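Novice: Starting off with a structure, shown below.
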Amino acid sequence: MKYLMTIMILLFTQTVLADPITDVFGEGVFDIKWGNSIEQIQEAYPMGNKKSLNNIMWFEVKNSKEVLGFQRKNMNIHFSFDDKDRLNGVAVHFDDSQYGALLIKLETLFGEWSKHSTNAVPYIQWKSDNGITLTLSSAPSGFGIDTVFSIGYANLEATIPDKQSLGF
């Protein structure tokens, strides 16, 4: 019982000392700035591929880069874009078996999270910090399931449309 209490106290103590999300992801990820074009990302990752489905475009990189201290073997990184083709999100795939350890690591680094569900798919999300939202989820991939850590960025400068450009 003492052992369990000690672990719980350590987890809560680490949560209190968590670094703000903006300090880590405020400028971008993987040395790529938020708002960069798909072409700029393609220059950084020439082995990646442009993908699209129903006019939604993303850039996929398959690599074995260690992320958050976790080994990844031939796993995807997806770069996503807004309707102006500016980078506004990154999803890093991990092996399904790493979900629990990733959750503990992210909680230690970024603090309190909350559980959500969309279409019966549960996910964990950290409170948005200056427009940056972190999410941990599981997603189907091929014949299995991947653990996916996503970073979303909502601070790109908005373009103000006029009625004519919208067709009104």
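The values are calculated or read from the model by the stated rules, or taken from the named source; none is laboratory data. On a predicted model such as this, the values are computed, not experimentally measured, just so you know. All Cβ positions, glycine included, derive from the backbone under ideal geometry; neighbour counts span all protein chains shown.
Novice: Among the numbered criteria (1) out of contact with any helix residue (DSSP H, G or I) (no Cβ under 7 Å at 6 or more places or on another chain); (2) over 25 Å from Ile124 (Cβ atoms), which one does Trp58 miss?
Specialist: Answer for Trp58: the failing condition is (2).
Novice: Looking at region 89-103, can you tell me whether even one residue there is modelled with pLDDT of 95 or more, in contact with a Phe, Trp or Tyr (Cβ under 6 Å, 6 or more places away or on another chain), under 25 Å from Asn155 (Cα atoms) and of a type outside the set (Ser, Thr, Tyr)?
Specialist: yes
Novice: Being farther than 20 Å from Ile145 by Cβ, in contact with a strand residue (DSSP E or B) (Cβ under 7 Å, 6 or more places away or on another chain) and among the basic types (Lys, Arg) narrows it down to one of Lys84, Lys50, so name that one.
Specialist: Lys50
Novice: Another one. In region 113-129, which residues are in contact with a strand residue (DSSP E or B) (Cβ under 7 Å, 6 or more places away or on another chain) and in contact (Cβ under 8 Å) with a residue 40 or more places away in the chain?
Specialist: Passing the criteria: only Trp126.
Novice: Would you call Lys51 assigned to a loop (DSSP other than H, G, I, E, B), out of contact with any Gly (no Cβ under 7 Å at 6 or more places or on another chain), at pLDDT below 95 and not acidic (Asp, Glu)?
Specialist: Here the answer is no, as Lys51 does not meet what is asked.
Novice: Further, regarding this structure: What number goes with the only condition from (1) at pLDDT 90 or above; (2) touching a helix residue (DSSP H, G or I) at 6+ places or on another chain (Cβ under 8 Å) that Gln125 does not pass?
Specialist: Tallying (1) at pLDDT 90 or above; (2) touching a helix residue (DSSP H, G or I) at 6+ places or on another chain (Cβ under 8 Å), Gln125 fails exactly one: (2).
Novice: In the list Phe110, Phe79, which residue meets the criterion of being closer than 25 Å to Lys33 by Cα, in contact with a strand residue (DSSP E or B) (Cβ under 6 Å, 6 or more places away or on another chain), among the hydrophobic types (A, V, I, L, M, F, W, C) and touching a residue at least 60 places away in the same chain (Cβ under 8 Å)?
Specialist: Phe110
Novice: Could you tell me whether Leu53 is in contact (Cβ under 8 Å) with a residue 40 or more places away in the chain and aliphatic (A, V, I, L, M)?
Specialist: Taking the combined requirement at face value, the residue does not satisfy it.
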